[in-house]
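Participant: One structure follows; several queries about it will come next.
The values are calculated or read from the model by the stated rules, or taken from the named source; none is laboratory data. Not measured: the values here are computed from a predicted model. So basically every Cβ, Gly included, is an ideal-geometry build from the backbone, and we count neighbours across all protein chains shown. Keep in mind that these areas ignore ligands, DNA and RNA; they rest on the heavy atoms of the full protein, side chains included. Shrake-Rupley method; radii C 1.70, N 1.55, O 1.52, S 1.80 Å.
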Amino acid sequence: MFLALRELSFARGRFALMGGVVALIAILMVLLSGLAVGLANDGVSGLQRIKATSFAFQKDVSKDSAFSRSVVGPDAVEAWQKQPGVAEAAPFGNTLVNARTSRGVEIDLALFGVETDSFLVPQPAEGSAPAHEGEVAISSTAAEEGVEIGDTVTLEPSGTELTVVGVLADQNTFGHVDVGYLPLRSWQEIKAGVQPGDDVPSRVYDEFTAVAVKAKDGSTVDLAAGDKAAGTSSLTREDSYGASPGYTAETSTLQLIQVFLYAISALVVGAFFTVLTIQRRQELAVLRAMGASTGYLLRDSLLQSFVLLVVSAGVGIGIGLAAGGAISSTPMPFALEAGPIIGATALLIVLGLLGAGVAVIRVTRIDPLTALGGSR
């Protein structure tokens, strides 16, 4: 591998240019990864925090808008509670509202209605969980906007008032809106548009969005059988993310951008190494004439590519992480996670090596006699 390493040291300008391009691609990959994770968290982190393994919605409801269109009743809860493998099943309500706090802070909330004794009730980091009607526990991101424990949140235009009693530990958002947990009966009145002092029809308390199902540890629930018994349409918790507003469109767009970025990176790196291989033709011919095997020449070139890719990608990731840290402090939905970044980096290096490998195939066609005769 002497020639490959010596060239890296000797032709510093040429390899610095190539490395700079790879580093720029790595920076872009880190930023796209952070944006993809941030948007996903901002869209469905509230659902990710729920302990349910699946949701049972109204039968034949549109899957991409199930949380806004579905209506089920108590009979569905009872049917799911009897299904094999189900540890718990509880009603779950979801609706979006506009509100203003007693401090004058305007805020949008995704209200999650839950029974106060069910497994859906979260454990707040500050304050307490909602235990009585008219109480709400808000997400940490809502607290960052100026909502505090003890504030009164007035919903518009109904005028319903909720008292903030707790702040949740982690980010809890749904459709890029802060989540607020409150008792199911309060949620049902808000969903029905009941204003303070109005008589509430009894049917209001028999309607909610879905049945949240929690499977027993180590068990798998037969969703099809449960839907048949309860007259519902089920989605696993992960599949239900697509019912969050804009989630599918956002993730699909970013995934397509990332796919194109990976393809472009392979083509760019491959093009660079194609030019490099042509420039090294004479040196490689000399090695072939001295008895170097094709495998040796391939290893020589791929080692050079690997060193360049790893160093350049490392520099790019470092710059990307620094830029991502600065972006994370802004309101932009951006989150850096090790898994996606490591995966993207590994993919960049693999695709770069594949691109370089295709270029280095030219090595196997080198005729040492012709190459040496043309230069001497």
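Participant: Over 17 Å from Asp64 (Cβ atoms), in contact (Cβ under 8 Å) with a residue 40 or more places away in the chain and open to solvent by less than 40 Å² (accessible area, probe 1.4 Å), is that true of Asp227?
Facilitator: Yes, satisfied.
Participant: Is it fair to say Ala142 is open to solvent by 40 Å² or more (accessible area, probe 1.4 Å), closer than 16 Å to Gly46 by Cβ, of a type in the set (A, V, I, L, M) and touching a Leu at 6+ places or on another chain (Cβ under 8 Å)?
Facilitator: no
Participant: Also, I was wondering about something else. Is one or more of the residues making up segment 269-280 more than 23 Å from the chain's Cα centre (by Cα), over 30 Å from Leu308 (Cα atoms) and of a type in the set (Ser, Thr, Tyr)?
Facilitator: no
Participant: Another question about this same structure. For Leu287, all conditions in the list (1) under 21 Å from Ile342 (Cα atoms); (2) surrounded by 16 or more Cβ atoms within 10 Å (Cβ to Cβ); (3) among the aliphatic types (A, V, I, L, M) hold save one; what is the number of the exception?
Facilitator: Exception for Leu287: condition (1).
Participant: In this structure, does Val136 turn out to be crowded, with 20+ Cβ neighbours inside 10 Å and β-branched (Val, Ile, Thr)?
Facilitator: In short, yes.
Participant: Also, I was wondering about something else. Being surrounded by fewer than 20 Cβ atoms within 10 Å (Cβ to Cβ), under 24 Å from the mean Cα position of the chain (by Cα) and of a type outside the set (A, V, I, L, M), is that true of even one residue in segment 160-168?
Facilitator: No - not one qualifying residue is present in segment 160-168.
Participant: Before we move on, is Leu47 open to solvent by 10 Å² or more (accessible area, probe 1.4 Å) and among the hydrophobic types (A, V, I, L, M, F, W, C)?
Facilitator: No; evaluated as a whole, the condition is false for this residue.
Participant: So which of Ser68, Ser54, Ser62, Ser102 is of a type in the set (Ser, Thr, Tyr) and crowded, with 23+ Cβ neighbours inside 10 Å?
Facilitator: Residue meeting the stated conditions: Ser54.
Participant: Which of (1) in contact with a strand residue (DSSP E or B) (Cβ under 7 Å, 6 or more places away or on another chain); (2) outside any strand (DSSP E or B) does Ser234 not meet, given it meets every other one?
Facilitator: Failed condition: (2).
Participant: Further, regarding this structure: Being assigned to a strand (DSSP E or B) and either within 30 Å of Thr220 (Cα to Cα) or under 26 Å from the mean Cα position of the chain (by Cα) (or both) narrows it down to one residue among Glu88, Glu78; which is it?
Facilitator: Checking each option against the conditions leaves just Glu88.
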